[in-house]
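A short write-up of the structure that comes next.
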């Protein structure tokens, strides 16, 4: 057995090297395709939060006609032809990061729409943050004022939002993202 050990080690090293090389080639080959898909998905999300209908084949053209990108600091803002400002956000949820796109009305403060791009919350509970029923409750709220999460059915204030039933901690984590990352970026845009 000891005389076969060097051959076994050599075989493992060669096999590992072969598959590592295959993975590097696949990564090199697919990276441009993945980047293009991510760009198109971002454009779709921007169009979705602006409530602009589009056909899959026309997304690039419609985006270019309706939206202009602006860099302020290290942040990219998208400004629609109607004056809405759109930008990505990200922050910690209960179980992992939550990221998405938010559109603000031309006043740079009022939420027009939100789209969740990624989250790691529990499906059926905290994962409901991506559902239109919850996201629509945020429309019209002011990001430069504190958004408060209250028990379900208790939202009465101008910036109060009902928590998702059985997902209060995720709801509060999402409100923190809005009150920190989104609020900071909105202020950066307004003070440009």
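Out of 139, 156, 148, 61, which single residue is surrounded by fewer than 17 Cβ atoms within 10 Å (Cβ to Cβ) and outside the structural domain of residue 183 (by TED's automatic domain parsing)?
61
From 86, 101, 116, grab the single residue that is part of a strand (DSSP E or B), touching a strand residue (DSSP E or B) at 6+ places or on another chain (Cβ under 6 Å) and within 15 Å of residue 188 (Cα to Cα).
Going through 86, 101, 116 in turn, the sole match is 86.
Restricting the search to the range 138-192, which residues are in a loop (DSSP other than H, G, I, E, B) and more than 19 Å from residue 103 (Cα to Cα)?
Listed by number, the residues that qualify are 151, 152, 153, 154, 155, 156, 157, 163, 164, 165, 166, 167.
State the number of residues belonging to the range 1-55 that are touching a strand residue (DSSP E or B) at 6+ places or on another chain (Cβ under 9 Å) and farther than 30 Å from residue 114 by Cβ.
0
Given the conditions (1) over 22 Å from residue 188 (Cα atoms); (2) not assigned by TED's automatic domain parsing to the domain that holds residue 127, report the number of the one that residue 45 does not fulfil.
(1)
Out of (1) at pLDDT 90 or above; (2) assigned to a helix (DSSP H, G or I); (3) under 30 Å from residue 104 (Cα atoms), what's the single condition that is false for residue 57?
Of the numbered conditions (1) at pLDDT 90 or above; (2) assigned to a helix (DSSP H, G or I); (3) under 30 Å from residue 104 (Cα atoms), the odd one out for residue 57 is (1).
Failed condition for residue 71, given (1) exposed (fewer than 11 other Cβ atoms within 10 Å of the Cβ); (2) not assigned by TED's automatic domain parsing to the domain that holds residue 174, with all others met?
Answer for residue 71: the failing condition is (2).
Table: residues versus (1) in contact with a helix residue (DSSP H, G or I) (Cβ under 8 Å, 6 or more places away or on another chain); (2) modelled with pLDDT under 90; (3) within 30 Å of residue 168 (Cβ to Cβ).
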position: 5; (1), (2), (3): no, yes, no
position: 25; (1), (2), (3): no, no, no
position: 49; (1), (2), (3): no, no, yes
position: 70; (1), (2), (3): no, no, no
position: 74; (1), (2), (3): no, yes, no
position: 90; (1), (2), (3): yes, no, yes
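Search the range 71-83 for residues being part of a strand (DSSP E or B) and in contact (Cβ under 8 Å) with a residue 40 or more places away in the chain, and hand back the single one that is farthest from the chain's Cα centre (by Cα).
72
Which residue, of 129, 111, is part of a strand (DSSP E or B) and either farther than 14 Å from residue 173 by Cα or within 20 Å of the chain's Cα centre (by Cα) (or both)?
111 is the lone residue from the list that is part of a strand (DSSP E or B) and either farther than 14 Å from residue 173 by Cα or within 20 Å of the chain's Cα centre (by Cα) (or both).
Is it true that residue 114 is assigned by TED's automatic domain parsing to the domain that holds residue 139, closer than 30 Å to residue 166 by Cβ and touching a residue at least 60 places away in the same chain (Cβ under 8 Å)?
Against the criterion (assigned by TED's automatic domain parsing to the domain that holds residue 139, closer than 30 Å to residue 166 by Cβ and touching a residue at least 60 places away in the same chain (Cβ under 8 Å)), residue 114 qualifies.
The values are calculated or read from the model by the stated rules, or taken from the named source; none is laboratory data. All of these numbers come straight from a predicted model, not from anything done at the bench. With ideal geometry, Cβ positions are generated from the backbone for all residues, glycine too; neighbour counts draw on all protein chains shown.
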